[in-house]
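What follows is one structure encoded as structure tokens, with my remarks underneath.
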């Protein structure tokens, strides 16, 4: 499998130039020792906001002063960062530390370029402030493959005033949601919302699947992955129930019928403007409360409704710092990565989205969201591009093409395994 990735890497083009922090160097070469014998770390970061950048400048300067290590800290967009890592890996010239997205974890692990950090974690005291869900998100099998730098979870946001107007309590189950058939007539507002297209759709679906005890694909005994729904009648029936929930939401009128083509832009905007009374989304809507207090001041943060007998779950987007096994500075790289995950950096840069249990900001947009993190689920560490698209397509097959929920579950199971086979990640079991 890794030979296949090496062939693919040979065709990757070098990414475009990136913006560097003014206080730091911008070399794109592998870190190492300078002429005076000191250590230089090459660190590739995602783009920062202006306020984050100012804090990072100070924190990097402080780290350099405290350790004597020089940090070349360079910012890239995520798209550029991904391509640049691929290009660098093809040339055996990776950075020491790179910001990443969870979608890349399986890809980079399959390429064999990530350092296994398990032994380093065993001697890292601050690892104790990372929850089991966070640690699971940083692991593939028995290997720990990253240090978390940012975490967001989804919550079920409700407009309390609109719910009261409709005479409804916050729904706790799928059946509660589907019972709100007269809510639109009472309030002029749809009680629920779904994203059925775009990047949000798979993130929502993975939660509904997890609530039914399902994974989009699961780790097998041979260390590879497989969708097992068609091997187990109960799993296939549970997956069909998820598609039935989508269909029932549309057919019962509890969501806007145009939701069939809605992505995150439409669903977030509809909630912010009071066109839907509730929606599963993230704490980035806090800024909308500041901009639109008349509508958003009544928002409450709730657990996502579950099916009867189901398991509480929410989507966790856990972003890793990657360390590479070609680095000449593995010890210093891990030290810097744990500095980024440390309390001071997290409070200064990621206070509202920290993976640490001891970093929080008072208020519903942080504390209430973080309270749901123990039920966080994430995508498995496999190549996700085709799998995510298949999840989107499967929703369309039910809502737009009239495919039955059972047939859609079977179709998606086959599509996932086809994708895994093409990426060399399909289990033979």
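The values are calculated or read from the model by the stated rules, or taken from the named source; none is laboratory data. Just so it is clear, the structure is predicted and the values come from calculations on it, not from any experiment. Every residue, glycine among them, receives a Cβ derived from its backbone with ideal geometry; neighbour counts consider all protein chains shown.
List of remarks:
- Put simply, of 376, 363, 424, 342 the only residue that is surrounded by fewer than 16 Cβ atoms within 10 Å (Cβ to Cβ), closer than 29 Å to residue 49 by Cβ and either in contact with a helix residue (DSSP H, G or I) (Cβ under 9 Å, 6 or more places away or on another chain) or in contact (Cβ under 8 Å) with a residue 24 or more places away in the chain (or both) is 363.
- The strands (runs of 3 or more DSSP E) found entirely in region 1-114 that carry 2 or more residues being farther than 17 Å from residue 330 by Cβ, touching a strand residue (DSSP E or B) at 6+ places or on another chain (Cβ under 7 Å) and at pLDDT 90 or above are 39-46, 70-76.
- Inside region 184-227, residues that are without any contact (Cβ under 8 Å) to a residue 60 or more places away in the chain and more than 17 Å from the chain's Cα centre (by Cα) make up a count of 4.
- Among the candidates 374, 335, 331, 393, the residue that is part of a helix (DSSP H, G or I) and at pLDDT below 95 is uniquely 374.
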